[in-house]
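Heads up: the structure comes next, in structure tokens.
The values are calculated or read from the model by the stated rules, or taken from the named source; none is laboratory data. Owing to the predicted nature of the structure, the values given are computational and were not obtained by experimental measurement. Cβ sites come from the backbone with ideal geometry, for glycine too, and all protein chains shown count toward neighbours.
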Amino acid sequence: MLVEKLMKNCGLVFLCLLLCSCNRIEVGSDLSADELAFIRSVGLLDQGETVHRFYSNFKLRKAGSFFTNKRMAHYWLDGNDARQHQREYAFYPDITAVEPVYKVPDFDSPYLEVRTTGQATFRVYMNGSQQEMQLFYQEALAAWKLHRQAVR
């Protein structure tokens with residue numbers, strides 16, 4: 001009986017890892033109009049704002065991390081209870097530091113730690129090969145440096 005429960009739990013963990021590992025960093029231009037409309041409906045994308053890179057550590061309609069020509073952002077939508085939803089973002093002029101964190105515990109994804117002028121921090125998740133994550137970080141850093149003096 002105990003062995004059956006362990007096997008069942010191991011199977012669920014494996015399935016979760018398999019599903020999560022299928023997510024990849026997307027180039028913003030690869031997102032469909034429907035996906036962009038959804039991100040806009042979450043309140044994290046203005047008209048004329050362009051997503052450069054996007055990553056979801058679950059499903060796009062549940063969680064997403066990205067950077068644009070204006071901001072870095074992350075959202076986690078917890079079912080139908082809007083009080084449990086997380087929407088974190090900062091416009092480039094309000095960001096004081098961006099640091100990558102590649103080594104994370106199991107069942108977590110590497111991320112960029114974004115620090116703002118008010119000393120708040122939030123995570124912009126990313127996952128993939130070391131090269132893909134490095135590219136995500138380098139491009140996010142370049143976007144921040146390019147636009148940090150810009151007006152919102």
Quiz item: Quick one: in the range 80-95, which of the residues that are touching a helix residue (DSSP H, G or I) at 6+ places or on another chain (Cβ under 9 Å) and modelled with pLDDT of 90 or more is surrounded by the most Cβ atoms within 10 Å (Cβ to Cβ)?
Solution: TYR92
Quiz item: Limited to the range 91-121, what total is found for residues that are touching a residue at least 12 places away in the same chain (Cβ under 8 Å), in contact with a strand residue (DSSP E or B) (Cβ under 7 Å, 6 or more places away or on another chain) and over 18 Å from GLU49 (Cβ atoms)?
Solution: 14
Quiz item: Are there any pairs, at least 6 apart or on different chains, whose C-beta atoms fall under 7 Å, with the first in the range 131-151 and closer than 13 Å to ARG71 by Cα and the second assigned to a loop (DSSP other than H, G, I, E, B) and not aromatic (Phe, Trp, Tyr), and if so, which?
Solution: ALA143/ASN69; HIS147/ASN69; HIS147/LYS70
